[in-house]
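Sending over a structure as structure tokens; questions will come in a sec.
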Amino acid sequence: MLRYLSIAIAAVGLSACAFGDETLNVAYDVSSAKVGVLSEAAPATIHVEDVADKRVEKMRVGYKRNGFGQKTADILLSKPAPEVVKEALETVLQKNGHILGDDSSPLALKTDLTNFWFDAKTGLVTVEFYGEVQAEVSLVDTASGATLYSEVFDGYYSEKTGGGLRKTWERIMNAALDDFAAKVNLSSGLKDAIAAAEASAADDEGAMPSS
Amino acid sequence: MRIVAGLIVFIALSLAATATEAARSASNALGEIDFFNLYVEVDSSDRNFTVIDSRYEETGTGAALFGIAGALATSAAAAGSDNKKAEPLREAAEAIPLEALISDAVKSKITSKGEIEIADSEDAATHRLIINIHNYGLLRRAKDDPRLRAFLNLSWEVVDNKGRILFEKKRENTSAPDAYTLDEFTPDTLQSEFEVIAPKAGEFIGSQINYR
């Protein structure tokens, strides 16, 4: 009797595990943020606009799958993905000496989030988990609305392991977000665009007649 | 029978543990590498020109680019259609000297900081940077935007002089900022787009090493 009861409890437990949605806490780790190429541009005041969600899948960031690869439940985030990406961008700018502005700032970062996804490829004895964070980030002159620079940043991380649950999945997605942030941090194009905009603003100020 | 089953489970767990360990040790170690003399090589044996347009339209993502299987698998019809789109540009694409563009940019970026020397030969180096070119070509901008932009997908690793992989990055994808319709891509446009993004990809790898 006790044996049947244990089996039933185990079955219910496993079903709950496979069929219940899972929520991941994903956030850019401020302590791991490094100074990068963006620090080579003179400090600028930049408004990081709310990130536009252009993902095909907006309701989830992945699926739980059974041994046959069939979807059994959703993988969700505790905070909306666009907010997670916006916070990462703000941290990167601050870490490199730039100042976060508001919507009256001369420069803005405009971001289209196109992918924020967790998935797995199953092998014979291992499973490869991978996370992707992809967004197009543009530096915009707020006065004219002109796009000064635009780049697609593609964060990715994968790890082969014997298995894993929420903690592993969180680590994979956090590493993919780190990779995305590192790419923004090391973008020579974005650095040049910020530097050029700041130089142009300084020239304009110099040319203004004093009152 | 029990012994055999136990043995199989043991072997499976050992393999899994080894794979996990290898992945972890190779992924977080760039900051710990004490570079002195670096030899840069670009391997193009996996270089493949492709257009991802119909496949993107089908899945709504660029997943085909990375060979992601499962739910995002694309049909043979979409792959065939993309092949036809790639054909007129293939010869021009294959003539683009991606290897030199990437290699020159990496070396220039690394030497600009003056902390690491570039070695002339593998034997003279303390470490090797091996960059692999994988898919490159044109990728649809979005499901609702039929324009395409140039992309380049690389992977890279740092190996010590004993051949041990100290760091590896399995995917380094770079896309061009500008998008055009397929008809607007001529051999000249294609070349000029790759003359922008291949050095950018190389510079980015160099920056990761400089700011590790």
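Every residue in segment A:33-71 that is polar (S, T, N, Q) and in a strand (DSSP E or B), please.
A:THR45
Shifting gears a bit: Provide a single number: the residues in segment B:161-185 that are more than 9 Å from chain A (Cβ to nearest Cβ) and touching a residue at least 60 places away in the same chain (Cβ under 8 Å).
Total meeting the criteria: 6.
Still on this structure: If a residue has to be within 30 Å of B:GLU193 (Cα to Cα), in contact with a His (Cβ under 8 Å, 6 or more places away or on another chain) and buried (at least 19 other Cβ atoms within 10 Å of the Cβ) to count, how many in segment B:144-170 make the cut?
Residues meeting the conditions: 3.
Would you kindly identify the helices (runs of 4 or more DSSP H) lying entirely within segment B:35-140 that contain at least 1 residues that are among the hydrophobic types (A, V, I, L, M, F, W, C) and at pLDDT 90 or above?
Fully inside segment B:35-140 and qualifying: B:76-94, B:98-113.
Looking at A:GLU151, A:GLU136, A:GLU132, A:GLU198, can you tell me which residue is over 22 Å from the mean Cα position of the chain (by Cα), within 29 Å of A:GLU40 (Cβ to Cβ) and not basic (Lys, Arg)?
A:GLU198
May I pose another question? Under the condition of being assigned to a strand (DSSP E or B) and over 19 Å from A:VAL51 (Cβ atoms), which residue from segment A:93-128 is farthest from the other protein chains (Cβ to nearest Cβ)?
Per the criteria, the residue is A:ILE99.
Every residue, every condition in (1) more than 11 Å from every other protein chain (Cβ to nearest Cβ); (2) out of contact with any Lys or Arg (no Cβ under 9 Å at 6 or more places or on another chain); (3) more than 19 Å from B:LYS169 (Cα to Cα); (4) not in a helix (DSSP H, G or I), yes or no:
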position: A:TYR130; (1), (2), (3), (4): no, no, no, yes
position: A:ALA135; (1), (2), (3), (4): yes, no, yes, yes
position: A:ASP154; (1), (2), (3), (4): no, no, no, yes
position: A:TYR157; (1), (2), (3), (4): no, no, no, yes
position: A:TRP169; (1), (2), (3), (4): yes, yes, no, no
position: A:MET173; (1), (2), (3), (4): yes, yes, no, no
position: A:LEU177; (1), (2), (3), (4): yes, yes, no, no
position: A:ALA182; (1), (2), (3), (4): no, no, no, no
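All but one of (1) at pLDDT 95 or above; (2) under 23 Å from A:ALA175 (Cα atoms) hold for A:ILE75; state the number of the condition that does not hold.
(1)
Out of curiosity, is A:LEU190 facing chain B (nearest Cβ under 9 Å) and under 23 Å from B:ALA198 (Cβ atoms)?
For A:LEU190, the condition - facing chain B (nearest Cβ under 9 Å) and under 23 Å from B:ALA198 (Cβ atoms) - is not met.
Now a separate question. Inside segment A:29-53, can you point out the residues that are out of contact with any Leu (no Cβ under 9 Å at 6 or more places or on another chain) and farther than 17 Å from A:LEU177 by Cβ?
Matches in segment A:29-53: A:VAL35, A:SER39, A:GLU40, A:ALA42, A:PRO43, A:ASP50.
So, in segment A:91-106, exactly how many residues are under 19 Å from A:ALA42 (Cβ atoms) and within 19 Å of the chain's Cα centre (by Cα)?
6
The values are calculated or read from the model by the stated rules, or taken from the named source; none is laboratory data. Everything quoted here is computed from the prediction, not taken from an experiment. As a convention, Cβ positions derive from the backbone with ideal geometry for all residues, glycine included, and neighbour counts pool all protein chains shown.
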